[in-house]
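The structure under discussion appears below in the form of structure tokens.
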Amino acid sequence: MRRSPGRVLSAASIATLPRRDRILISACIASITVLAWAYLFRLDRQMASSVEYDKAMAAMGMAVHGPWTVTDALFNFAMWAVMMIGMMAVSAAPMILLFAAAKTRRGQSGVSPEVLAFGLGYFVVWTGFSAIATLGQWLLHQTAMLSPAMAASSSRLGGVILFAAGAYQLTPWKNVCLAHCRGPLGFLMTHWRDGSFGGFQMGLHHGLHCLGCCWALMAVLFVVGVMNLVWVAALAVFVLLEKFGPAGRLVTQVSGVAMAALGIHLAVAGA
């Protein structure tokens, strides 16, 4: 099985990073991922209890849904932000390690502040996406188009979302962003910036490409349930397959066709 030159060079470049630094960076990424998932599991249990409570209240004819408060908005924003960390931290690890290796080759030993700035820039992008996702969830809630499980309340809406996500998988924009994520060395060579602010800028740039690659997949959560942790985990694994699997492009194309077809079926069935 042939591997792309970008992937081979990336692996070789990461191997030049001192073992201590690789362990430290990997341990930090693993820790925040575990903490994010621990929070999501805890939240899932709390929400399951809340849904049962809501059902009992509704059976007695009492209203259980109302407009969001500021606290509700902040809570849901935090939920999305932590979810994005849980889903995307592992897929960001190779690029962060590669960036750290590049800093080492430039004579900087240890995990420099620039590496931390790069990671911060990356997650700032996904934090911004979390704010947009929260706004979308609020709009669906306000228009009564979201179920208590935080999924689209109509198959027609779910079908439209799935079709749009599938269609995006087949667009040139998706291909460009996926190529960036699958071959990161070109990005490092052509967009290098020195200093902590430069590292932050590079993290932002990489994060935007990653967002362009994955945002439509995240929208699928509005179909299957925003806090459906089985699907959250499945999408996280799918992202890894797209970015690092030997048949990533094929996975993207097949999934795009499948999602678009299923979206049409749901939309027609709900008409």
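The values are calculated or read from the model by the stated rules, or taken from the named source; none is laboratory data. Just so it is clear, the structure is predicted and the values come from calculations on it, not from any experiment. Cβ placement follows ideal geometry from the backbone for every residue including glycine, while neighbour counts extend to all protein chains displayed.
Only one of the listed residues (Arg45, Arg20) is assigned to a helix (DSSP H, G or I) and either over 25 Å from the mean Cα position of the chain (by Cα) or at pLDDT 95 or above (or both). That residue is Arg20.
Suppose we filter Thr127, Thr143, Thr134 for residues that are at negative phi and more than 18 Å from the chain's Cα centre (by Cα); which single one remains? Steps first, answer last, please.
On the way: Thr127 fails: more than 18 Å from the chain's Cα centre (by Cα); Thr134 fails: more than 18 Å from the chain's Cα centre (by Cα).
After ruling out the rest, the residue left standing is Thr143.
Which of the residues belonging to the range 77-103 are surrounded by fewer than 21 Cβ atoms within 10 Å (Cβ to Cβ) and over 25 Å from Pro113 (Cα atoms)? If the condition is that a residue be surrounded by fewer than 21 Cβ atoms within 10 Å (Cβ to Cβ) and over 25 Å from Pro113 (Cα atoms), then Phe77, Ala78 are the ones that fit.
Take the residues in the range 239-261 that are under 22 Å from Thr33 (Cα atoms) and crowded, with 18+ Cβ neighbours inside 10 Å, then tell me which one is nearest to the chain's Cα centre (by Cα).
For the range 239-261, the residue satisfying everything is Val239.
Against the numbered list (1) in contact (Cβ under 8 Å) with a residue 40 or more places away in the chain; (2) part of a helix (DSSP H, G or I), Cys177 comes up short only at (1). Pick from the range 62-76 the residues that are surrounded by fewer than 18 Cβ atoms within 10 Å (Cβ to Cβ), at pLDDT 80 or above and not small (Gly, Ala, Ser): which of them is farthest from Asp194 (Cα to Cα)? Checked the range 62-76; the qualifying residue farthest from Asp194 (Cα to Cα) is Pro67.
Assess whether Ala149 counts as being under 22 Å from Leu235 (Cβ atoms), surrounded by fewer than 16 Cβ atoms within 10 Å (Cβ to Cβ), at pLDDT below 95 and among the small types (Gly, Ala, Ser).
Working: under 22 Å from Leu235 (Cβ atoms): yes; surrounded by fewer than 16 Cβ atoms within 10 Å (Cβ to Cβ): yes; at pLDDT below 95: yes; among the small types (Gly, Ala, Ser): yes.
Yes, satisfied.
Residue count for the range 212-271, restricted to those that are without any contact (Cβ under 8 Å) to a residue 24 or more places away in the chain and not in a helix (DSSP H, G or I): 2.
Conditions tested, residue by residue: (1) among the hydrophobic types (A, V, I, L, M, F, W, C); (2) at pLDDT below 95; (3) under 23 Å from Gly263 (Cβ atoms); (4) surrounded by fewer than 21 Cβ atoms within 10 Å (Cβ to Cβ).
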{"position": "Ser155", "(1), (2), (3), (4)": "no, yes, yes, yes"}
{"position": "Phe163", "(1), (2), (3), (4)": "yes, no, yes, yes"}
{"position": "Leu170", "(1), (2), (3), (4)": "yes, no, yes, yes"}
{"position": "Met218", "(1), (2), (3), (4)": "yes, no, yes, no"}
{"position": "Val226", "(1), (2), (3), (4)": "yes, yes, yes, no"}
{"position": "Leu235", "(1), (2), (3), (4)": "yes, no, yes, yes"}
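Going by the conditions given, is Val125 surrounded by 13 or more Cβ atoms within 10 Å (Cβ to Cβ), modelled with pLDDT of 95 or more and among the hydrophobic types (A, V, I, L, M, F, W, C)? Spelling it out, Val125 is indeed surrounded by 13 or more Cβ atoms within 10 Å (Cβ to Cβ), modelled with pLDDT of 95 or more and among the hydrophobic types (A, V, I, L, M, F, W, C).
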